[in-house]
Amino acid sequence: MPKSLKILITRQVFPEVIDFLGADFEIDYNESDVVLSTDELCERAASCAGLLCCLTEKIDNTFFEHCPTVRVVSNIAVGYNNIDAIEAKNRGVKITNTPGVLDDTTADLTFTLLMAVARRITEAESLLRQGRWKKSFAVQQMLGMDIHHASLGIIGMGRIGQAIAKRAAGFDMQVRYFNRTPLDATTEQKFNVCYVSQEAILRNSDFVLVMVPYSAATHHLIGAEELALMKPSAILINTARGGVVDEVALIAALKKNQIAGAGLDVFENEPAFNPEFLGLKNVVLTPHIGSATRSTRMAMAMLAATNLKAALQGETPPNWVNP
Ligand code: DGY
């Protein structure tokens with residue numbers, strides 16, 4: 001049967017997603033996975049009704065001008081700072097995201113980074129790989145920082161923040177959080193967390209985690225002033241969005257040992273990152289893999305496909321962010 005609506009899938013996904021969407025729509029699939037230039041994106045989307053895309057695609061006024069037939073943009077991500085959702089709303093374009101299915105996986109990776117920095121895992125491993133492990137045991141070799149019973153400050157206590165707090169409980173950590181809206185008392189009790197100001201988190205935590213969505217309001221939320229409040233023994237972890245932390249200020253703070261270390265899964269201009277990070281031993285760096293397990297990425301892609309199909313078939317999509 002001829003399919004009346006065409007969609008563009010901007011990046012490589014899974015065969016299951018192609019089968020699911022292919023049953024109802026004609027698909028232009030960028031299976032090569034090479035990130036499309038703005039011109040190519042606009043050209044290929046111009047004949048489409050919907051888009052399944054990632055944070056690598058900038059969906060802004062230029063896009064909407066060139067692609068007036070696009071009615072739905074479905075992002076394979078919970079964060080959608082790559083999309084101008086307000087402009088989309090003004091133009092009647094539905095935007096959807098993938099909340100809920102990546103919380104545990106992202107919390108796992110956040111905790112992995114926290115532990116890797118605290119226990120100097122990448123530094124220790126490279127010592128071994130480079131043949132620099134000379135004494136089988138030395139009392140002062142590769143001394144790290146305790147995770148158990150340490151204080152953990154979470155800035156941004158949404159679903160992922162709460163999943164991290166659950167993990168922290170197993171390590172007997174003392175968890176404080178800051179959020180625009182405090183949690184209700186029952187939820188605070190459930191996660192054994194205590195609400196404090198952002199300043200108190202910065203001043204008193206052994207580990208500071210930033211878990212906020214990126215927006216103009218959270219741009220460089222952690223900059224030179226905030227880093228200066230942190231303890232010299234503290235570690236900063238960012239698995240949210242690169243722009244939340246001022247990287248230049250962070251590098252300066254790490255270089256002068258104003259803080260003890262950092263774990264970063266996200267960067268301001270991905271896939272580029274400040275090369276000065278590579279010269280710092282006290283950072284652990286990963287390439288935006290917070291939600292990168294097969295089952296979670298499959299769940300995200302299928303949820304995004306479900307959102308797209310529902311919206312194009314005239315239903316209310318489950319995760320519509322700009323109603
Ligand atoms: C998200 O879902 O926002 C993750 O960062 C993956 O893009």
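Below is a table of values for the structure above.
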| quantity | calculated |
| --- | --- |
| Nitroxide proxy distance, nm - points 7 Å out along Cα→Cβ at Thr181 and Lys255 | 4.2 nm |
| With at most 11 other Cβ atoms within 10 Å, longest stretch of the chain clear of loop trypsin sites (Lys or Arg not before Pro) (DSSP) | 1-131 |
| Histogram of C-alpha separations across the chain, 20 Å bin width, % | 30, 51, 18, 1 |
| Calculated P(r) of segment 103-285 - Cα pairs past 28 Å, % | 22 percent |
| Within segment 221-323, GluC sites (Glu not before Pro) in DSSP loop having at most 16 other beta-carbon neighbours inside 10 Å | Glu315 |
| Cubic angstrom per residue, convex hull over Cα atoms of segment 26-95 | 80 Å³ |
| Estimated D of segment 84-200 in µm² per second, where Rh is the Kirkwood radius over Cα pairs and Stokes-Einstein applies at 4 °C, 1.567 mPa s | 75 µm²/s |
| Interchain or long-range residues, amide H under 5 Å from Tyr177's placed H | Ile154, Cys194, Tyr195, Val196 |
| For the chain, with +1 on Lys and Arg beta carbons and -1 on Asp and Glu, the positive-most of Phe178, Leu55, Tyr29 along the dipole | Phe178 |
| Under-16-angstrom lysine pairs by C-alpha in segment 103-285, whenever the two are 8 or more apart or on separate chains | 5 |
| Anisotropy class of segment 45-135 from Cα gyration tensor, a/c 1.5 cut | prolate |
| Segment 103-285 - charge dipole about Cα centre, Lys and Arg +1 at Cβ, Asp and Glu -1, debye rounded to 20 | 660 debye |
| Segment Ser126-Tyr195, extension gain: residue separation times 0.36 nm, minus the distance between their alpha carbons | 21.0 nm |
| Antiparallel DSSP beta bridges within the chain, as percent of all bridges there, nearest 5 | 0 percent |
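Just so you know, all these numbers are worked out from the coordinates, no wet-lab data involved. The structure presented is a predicted model; accordingly, all values stated were derived computationally and were not measured. Methodologically, a virtual Cβ is constructed for each residue, glycine included, from the backbone with ideal geometry; neighbour enumeration extends over all protein chains shown.
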